[in-house]
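Chemist: Pasting a structure below so you can have a look.
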Amino acid sequence: MLKQYIKQAFQMLKENRLVSTISITGTAISVTMIMMVVLVLQVQVANYYPEEHRDRMLYVENGTLVRMKENTGNWNSGNMSIEAVKECFYTLQSPEFVTAYAISEFTVSLPDKRNYMAHPVKLTDTGFWKVFSFHFVAGAPFTEADVASGVPQAVITEPLARRLFGTIDNIIGKEIRLDVKPYRVCGVVEEVSKAAASAFADVWIPYTTNESCQSSFNENMVGSFRVLLLAKAQGDFDVIRQELKQQITRYNATKEKYEISFFENPITQWDKAMGTDGQNFVDWKDFWLETGGAMLFLLLVPVLNLLGVTQSSIRKRQAEIGVRKAFGATSGNIVRQVLYENGLMSLLGGMIGLVLSWSLFPLCKDFLLKASDTTLRAEMLFRPEAFVLALLFCLLINLLSAGLPAWWISRKPICEALKNGEETNK
C-alpha cells in the first residue's frame, strides 16, 4: 500500500505542477527561514573545534563584582585579578580542568621586519590547552615550567605562521616580536574561528610574560582575567557552583575592606547563547518564548498559504474520496493517503530549504553572527540534529496544511462527498 501511495504521489506531482510548485516553494522558504535561526543557535552552542566540550563548560567572563564590605556604595565590576583566580578557582577540586586568560592585542613581527598590524592575543596558563582541543600542526603548547618561569614562548595559528614565515616547516624555536618583546614560537595550531570566542586568538602566550595583565587593585581582587571551568560531566555543574561559593567565602574572609562575587556566574554555553553575560541573567523561558514565537510565525505563514492550496486540491477530489469510502476505505486510509502524497512535496521542499539555508548562511554570517568575518567550519553547519529538525518541520507543515483538510473532508458522508464532487466537476 505504501508503494502505491508513493507512486500516486509522484503522479500527482506531474498532473498538478502549479500546485506542486507552490507547495514545494512555500515549504522551502519556511524551512530556510527556520533553519537560519537554528543555524545561528547551532554555531553558538554546538561542540566544534577547538571548543569541543562546550556542553561541559562553565564560564566566568565579564561578571566580577568587588565592593566594600561596609556597603558604602564603592564597587567595581569587570574581571578578576590573578590572585582571585588562584585563590577561588585554581583551588577547586570538582572540575576536571580550570583555566584563566586575559585578552589583549599586540603587533606581531619578525625581528628584521616591523609589522604594525595588531593581532588578538590571549595570555593564559597550561590549563588552556586541556580545556580546549587544539590541533597542533607543528610543535607543542608552552609548559607549566614556562609559565612558572615566565619564559617568552608563543603558540601561533597556521595562517599567521604562513604570513610571517611563508611556511610552517622548521619554524619552531624561531623568534617573533610581540610589539617589541621577543618570543620563541613553540607551537602552531589550526586556525580558530571567531565563533569559538573563548578560544579564539592569533597568538597565545604565558600570562606571566606580561606584567600589565597581572596588575590589580581593590586589595588585589580586580584585574584582567576571565575563567573557564571544564566539568567532568554536565551533572557536576551544581557541585562546582557550590564548591566555588565556599572558596569565595574563604577568600573574602582574608580581605579587610573588599569582598568579591561573580553575579550570575559561572554560566553555561546555553546561558551565553540566550544573552546572559554574567551580570544580566536571561531566563530560558523568556528566551524560548521570544525565539519560539519567531519560529512559530515563520512556520505558520507558509502553512496558512499552503492550507488554501491544499484544501482547494482536496475539494476537487471529493468524488474520488466518496467512491473510495463507498468501497470500504476508512477515514484513516484517506487521511494517510493525502499525507503521503503531500508529504512527498513537503520533503522535497524541506530538502531544498535545507540546502538553501546552508548556502545562504555563509553569505549572511556577518549580519547573523556577533563577530564579523567569522570563519565557518563544516562541523558548525552540517550536523545530524539540523537534518532531523528540518525533517520534523517538514512533517509538521505537512500535518497542518494537508492533514486537517483531508480529515475534514474524509468525515463527510459518502452521498455528500459524491454530490459535492459532481458539483465541482460541472
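The values are calculated or read from the model by the stated rules, or taken from the named source; none is laboratory data. Bear in mind that the values here come from a model prediction, so they are computed numbers and not experimental data. Here the Cβ positions follow ideal geometry from the backbone for every residue, glycine too, while neighbour counts run over all protein chains shown. To get the accessible areas, we keep the full protein, side chains included, count just its heavy atoms, and leave off ligands, DNA and RNA. Shrake-Rupley method; radii C 1.70, N 1.55, O 1.52, S 1.80 Å.
Chemist: Restricting attention to the stretch 166-185, and to residues there that are of a type outside the set (V, I, T) and open to solvent by less than 50 Å² (accessible area, probe 1.4 Å), which single residue is nearest to S109 (Cα to Cα)?
Modeler: Out of the qualifying residues, it is L178.
Chemist: In the stretch 178-189, how many are in a loop (DSSP other than H, G, I, E, B) and without any contact (Cβ under 8 Å) to a residue 40 or more places away in the chain?
Modeler: Residues that pass the stated criteria total 1.
Chemist: Among the residues of the stretch 49-79, write down those that are within 24 Å of I240 (Cα to Cα) and open to solvent by less than 10 Å² (accessible area, probe 1.4 Å).
Modeler: P50, E51, R54, M57, L58, Y59, V60, G63, T64, V66
Chemist: To continue, here is another question. Here are some residues: V227, V192, V151. Which one is closer than 20 Å to S104 by Cβ and in a strand (DSSP E or B)?
Modeler: V227
Chemist: Okay, next question. Considering only residues that are small (G, A, S), out of contact with any helix residue (DSSP H, G or I) (no Cβ under 6 Å at 6 or more places or on another chain) and touching a residue at least 12 places away in the same chain (Cβ under 8 Å), which ones fall in the stretch 333-360?
Modeler: none
Chemist: Mind counting the residues in the stretch 135-192 that are touching a His at 6+ places or on another chain (Cβ under 8 Å) and more than 20 Å from T99 (Cα to Cα)?
Modeler: So the count comes out to 2.
Chemist: Filter the stretch 269-287 down to residues that are without any contact (Cβ under 8 Å) to a residue 60 or more places away in the chain and of a type in the set (S, T, N, Q) and give me whichever is most open to solvent (accessible area, probe 1.4 Å).
Modeler: Within the stretch 269-287, the match that is most open to solvent (accessible area, probe 1.4 Å) is N280.
A quick yes/no check of all residues on (1) in a helix (DSSP H, G or I); (2) modelled with pLDDT of 80 or more:
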site	(1), (2)
V355	yes, yes
L360	yes, yes
L363	yes, yes
F367	yes, no
D373	no, no
I397	yes, no
G403	yes, no
I409	yes, no
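Chemist: Also, quick follow-up: Search the stretch 361-384 for residues being of a type in the set (A, V, I, L, M, F, W, C) and touching a helix residue (DSSP H, G or I) at 6+ places or on another chain (Cβ under 7 Å), and hand back the single one that is surrounded by the fewest Cβ atoms within 10 Å (Cβ to Cβ).
Modeler: Within the stretch 361-384, the match that is surrounded by the fewest Cβ atoms within 10 Å (Cβ to Cβ) is L368.
Chemist: Here's something else I'd like to know. Could you tell me whether S216 is within 19 Å of T99 (Cβ to Cβ) and either at pLDDT below 95 or not assigned by TED's automatic domain parsing to the domain that holds Y101 (or both)?
Modeler: Yes.
Chemist: When the residues of the stretch 219-249 are narrowed to those that are in contact with a Phe, Trp or Tyr (Cβ under 9 Å, 6 or more places away or on another chain) and either farther than 21 Å from D277 by Cβ or outside the structural domain of A199 (by TED's automatic domain parsing) (or both), which ends up most open to solvent (accessible area, probe 1.4 Å)?
Modeler: Result: E219.
Chemist: Conditions first: (1) touching a helix residue (DSSP H, G or I) at 6+ places or on another chain (Cβ under 8 Å); (2) open to solvent by 10 Å² or more (accessible area, probe 1.4 Å); (3) more than 30 Å from E219 (Cα to Cα). L92 passes all but one, so which condition is the exception?
Modeler: Answer for L92: the failing condition is (3).
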